[in-house]
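First comes the structure, then the notes that go with it.
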Amino acid sequence: MTIELYDYVLSANCYKVRLLLSLLEVDHELRTVDFHPAREHRSEAFRRINPMGHIPVLVDDDVVLRDAHAILVYLAAAHDPTGRWYPTTDARVLGEMGQWVSFAEALMSSASAARLHVNLGYDLDVEAARRDAHALFRVLDDHLWFQEKAGRTWLCSPEHPTIADIAVFPDVVLSEEGGVSRLEYPAIRRWCDRVKAVPGFDVMPGVFGLGMS
């Protein structure tokens, strides 16, 4: 059975899943959910798939998962024979990945929230969201700079990307749409380019590949 992803093309959380599916070269079918303006994710029909009324939702045979980060863990564990995207044999790396997935959750309520305000008119304190996003970006930029000085290029210790990078990347690379500039964060910009250079990288509206404009 082909994997099904209930998806909205402009959703950063859905993009995380589409991106990992592309990187893993996993066959799948997209089931478009009219998030805006129809709010189909709140419909009775969709709530039979996900009672929480959220996207994305992944269906893989009898496995149904409704949280983007849980889906990343599942896909990496179930569909990556190399074990590189979600290493499970090193306690330190597991802790690092968990830490950065939590960081990604904080980005959703700051950088992502500002983008939702600008693009979809969500009612929130956008200036507070932008301030919170910049505070997180400073943490991320410092971490990546020190990683580079230690000869590392990714969020976690391994010499290759993990699901932590995929969890954090979309809300960072789309931040300009919410009025959160990345000009002051050179290590973040270099990291974004490294993610884009990973074989199998996929784009979305507002996210371009290397050398594209």
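A few notes on this one:
- Using only side-chain charges placed at the Cβ, +1 for Lys and Arg and -1 for Asp and Glu, the dipole size of segment 3-79 relative to its Cα centre rounds to 400 debye.
- Packing-based ranking of 46-58, 6-18, 139-151 yields 6-18, 46-58, 139-151, ordered from highest to lowest mean Cβ neighbour count within 10 Å.
- Other-chain or far-sequence residues with amide H under 5 Å of Arg31's (modelled H): Leu5, Tyr6, Asp7
- With a simple spin-label model that places each label point 7 Å from the Cα along the Cα-to-Cβ direction, the separation between Arg190 and Ala70 comes to 3.8 nm.
- Dipole of segment 3-79 computed with +1 at Lys/Arg Cβ and -1 at Asp/Glu Cβ about the Cα centre; of Ser11, Val57, Thr32, farthest Cα towards the positive end is Ser11.
- Placing unit charges on the Cβ atoms only, positive for Lys and Arg and negative for Asp and Glu, gives the chain a dipole magnitude near 420 debye about its Cα centre.
- Largest mean-square fluctuation among Tyr122, Tyr74, Tyr185, in a Gaussian network model of the chain whose springs join Cα atoms under 10 Å apart, belongs to Tyr122.
- Cα principal axis extents for the chain, largest first, Å: 51, 43, 33
- Percent of C-alpha pairs per 5 Å bin in segment 123-177, short distances first: 4, 17, 23, 24, 16, 9, 5, 2, 0.
- The mean of 1/r over all pairs of different alpha-carbon atoms in segment 91-196, once inverted, gives a Kirkwood hydrodynamic radius of 13.9 Å.
- 14 Å cut-off, amide nitrogen to a point 7 angstrom out along Val203 Cα→Cβ, residues in segment 150-190: none
- The magnitude of the dipole of segment 91-196, with charges of +1 and -1 set on the Cβ of Lys/Arg and Asp/Glu and taken from the Cα centre, is near 360 debye.
- On the basis of the beta-carbon distance and an R0 of 25 Å, Thr88 and Lys149 show a calculated FRET efficiency of 0.35.
- Farthest toward positive dipole pole in the chain [+1 Lys/Arg, -1 Asp/Glu at C-beta], among Ala113, Thr162, Ile188: Ile188
Values quoted throughout were computed directly from the atomic coordinates according to the rules given, and no laboratory measurement underlies them. What you see is a predicted model, and the numbers here were worked out from it, not measured in a lab. All Cβ positions, even for glycine, are placed from backbone atoms using ideal geometry, and neighbour counts span all protein chains on display.
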